[in-house]
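The next block holds one structure in the form of structure tokens; read it before the comments.
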């Protein structure tokens, strides 16, 4: 069972993997080249469903069987979960230290049965279904009163922490509100208290007016380089409509979100020569996602530089590409040559995209 | 001139390098092997002093000339500084955004004239002089009222952000108190308010009593694995005496600090097969380093794992080596075979280690 331990000074929680503890010889050499990653050994490829734990949900062709092929999106528990879904928290103190059982959820959203097809180049309708899968898992896990926050994220490339090449996202639900989520929420609240307006709504207005950090826009979303971006080419996708929770997205907005996410990732891919990246969805904690105090969004972090002793000791990042320069580079990307070929989607994909998952 | 920009929600400051902006083609490929790093091209090797900006201070042999050989520790401005030492802050607002000039200091402490000799294997008296150089630079920069905090840190290995192989540390003085320093200080104050005791003094007592996370100890310091360590083999060196500022260290304590730092780094080096690491010194902000609210220390972060989308979105780290396991591994290291050969130190090295630098 993993543990959650709290730093008595900063209050930060850390997940400690007590089983399968890595000893000195167990760490990979980060300087090696990427290891071979073949579809026949890939647990996320169609036909290899038995290599994962039983599926939690899937978008499947009519008549196909659970844990067999015929799916176009499949969600499974992480085989090596950071947190365990069974058990009580058993909150305990040990002297100055706070402890609880590492209860939570850790799931993998397999984004396509095709091993070599990366998210930016999937059909927009497929990207939209990935987002519906995110939402379905969020809404299901939100019912569990032990879980306080749900982070949905994607690691792409070994340098960004991805250990498998097959396109996938992940979800981790924690029994605590993470320190960084709490800080962002508190900051939004502080701004709201002072100005009686939403900080992100103000940012949206200013970015639309100034335009120099804008990358792309559509009817429901804008993509821009944040004024105080920590990472070169960090990109924020912000909904125009103020809303605390990404799960409250409408069907029309979801279509626009998929289009904007695909657009931003294609620009980053083409501009930065297939750079590794992470993205994550910033959304309110489960029990506050109907409050009006937050404005959900998605952040993409290309991994072009290394956080070192200065960043680790201060939390101050050095961004070597001014956001205005990054925005200009991303705007200038020629998307024409790279537009994904519209794939024929399996029957039923869009009939009822917000329907409950089949689990 | 670099800029400091503030995130309007979280309040975090970011340094934006406005000159020499890196464009998409300028980023190194992190997956490549280490580049050749030869003494003849190394700006930090003895004889190559002209390859750095003029030295700020040095510990030198009597009669040797500034910016020539004859030094055993040399401090120079960083040739590519994150912050610039000249100029006014010119604090300005642009709509919702806060801005100031990137004023500060960024210095390199060259730890030895010998290219291939790494810090853990330097003579303890040489390590002590490195620490005296840290202190001398801290005390000098502290006089500048524009500077609010001074971080001293070391990056070792390319994965840990080091771009040059020659042994060196760095120092960055910022005109703001970094968010992470503020959070640690606030946490210490909160603990003090609640318990009327110092959190770190309590931690020290508990770690000494329990012993399971202890790595090493001497008369003035302990080295241990923090209970809620974020990184595998993260190691904290804590002075036994409660003191907010590392600059208030006594000569006797400095000797013990050098011994403890060398001991901890040798254990990490031998246990983890020369792993890359960062360390940084956590000390109170300049204008509060005589207040009683903090307890300075040094943290070493081996870089064995990659922070990915989950850590970046939550601030919650997953530590795959329980601190108790890491401590046991580090305690068991056989230091006997690796003890550094006592070097003959240049005359005058220890005569007055706390004397002012020669600048």
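Every number here is computed from the coordinates shown, using simple stated rules; none is lab data. This one's a predicted model, so the numbers in the text were calculated from it and none came from an experiment. No Cβ is skipped: glycine too gets one built from the backbone with ideal geometry, and neighbour counts run over all protein chains shown.
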Looking at the P(r) of chain B, how many percent of alpha-carbon pairs lie beyond 33 Å?
-> 29
Once the Cα atoms of the protein assembly as shown are picked out, what are the Rg and Dmax in Å?
-> 26.0, 89
With R₀ set to 22 angstrom, the calculated FRET efficiency between the beta-carbons of residue B:23 and residue A:164, to the nearest 0.05, is 0.10
Neighbour-count ranking [beta-carbon atoms within 10 angstrom, fewest first] of A:200, B:231 | A:200, B:231
After finding the eigenvalues of the alpha carbon gyration tensor for segment B:224-288, what semi-axes result from the square roots of 5 times each, listed largest first in whole Å?
-> 24, 15, 10
Determine, for B:184, B:219, the number of other Cβ atoms within 10 Å of each Cβ, and report the residues in order from fewest to most.
-> B:219, B:184
Determine, at each q value in 0.13, 0.19 (inverse angstroms), the log₁₀ of I(q)/I(0) that the Debye formula gives when each Cα of segment B:43-155 is one equal point scatterer.
-> -0.57, -1.04
Check: C-alpha center segment B:198-213 vs C-alpha center segment A:290-309, spacing in Å is 35
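If contacts are Cα pairs under 8 angstrom and at least 6 residues apart, what is the relative contact order of chain B in percent? Don't skip to the end; give the middle numbers.
Working: 680 pairs, mean separation 63.7, N = 359.
Value for chain B: 18 percent.
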B:115, A:242 arranged by Cβ crowding within 10 Å, fewest neighbours leading = A:242, B:115
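What are the equivalent ellipsoid semi-axes of segment B:258-330, built from the alpha-carbon gyration tensor (square roots of five times its eigenvalues), in whole angstrom, biggest first?
Taking √(5λ) for each eigenvalue gives 25, 20, 11 Å, largest first.
Relative contact order (percent) for segment A:200-348, with alpha-carbon contacts under 8 angstrom and 6 or more residues of separation? Walk me through the numbers on the way to the answer.
Working: 231 pairs, mean separation 46.7, N = 149.
Result for segment A:200-348 is 31 percent.
At 4 °C and a viscosity of 1.567 mPa s, what translational diffusion coefficient does Stokes-Einstein give for segment A:81-131, taking Rh as the Kirkwood radius over Cα pairs? Give it in µm²/s as a whole number. Provide the component values of the computation, followed by the final result.
On the way: Rh = 14.3 Å.
Rounded, D is 90 µm²/s.
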Taking 7 Å along the Cα-to-C-beta vector as the label spot, tell me the residue A:90-residue B:332 distance in nanometres, rounded to one decimal.
-> 2.6
Values of log10 I(q)/I(0), in the order q = 0.26, 0.28, 0.29 Å⁻¹, for segment B:54-108 under a Debye, Cα-only, solvent-free model | -0.96, -1.02, -1.05
Diffusion coefficient in µm²/s returned for segment A:1-104 by Stokes-Einstein, Kirkwood Rh over C-alpha pairs, 4 °C and 1.567 mPa s, is 76
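With 21 Å as the cut-off, how large is the P(r) tail for segment A:97-238, expressed as percent of Cα-Cα pairs? Don't skip to the answer; put the middle values down first.
Details: 6001 of 10011 pairs.
So the pairs more than 21 Å apart make up 60 percent of the total in segment A:97-238.
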Principal axes first, then extents: for the Cα atoms of segment A:204-333, list largest minus smallest coordinate on each axis, whole Å, largest first.
-> 38, 35, 27
Chain B: calculated mean residue ellipticity at 222 nm from DSSP helix runs of at least 4, using -39500 (n - 2.57) = -7500 deg cm²/dmol
Taking only C-alpha positions in segment B:176-273, Rg and Dmax in angstrom work out to 14.4, 43
Give the residues of segment B:243-281 whose amide nitrogen is closer than 12 Å to a point set 7 Å from the Cα of residue B:219 in the direction of its Cβ.
-> B:251-257
Antiparallel DSSP beta bridges within the protein assembly as shown, percent to nearest 5 = 95
Other protein chain Cβ atoms within 10 Å, averaged over every residue that makes up A:174-187 | 4
Roughly speaking, what is the centre-to-centre gap between segment B:148-171 and segment A:104-158 when only Cα atoms are used, to the nearest Å?
-> 37
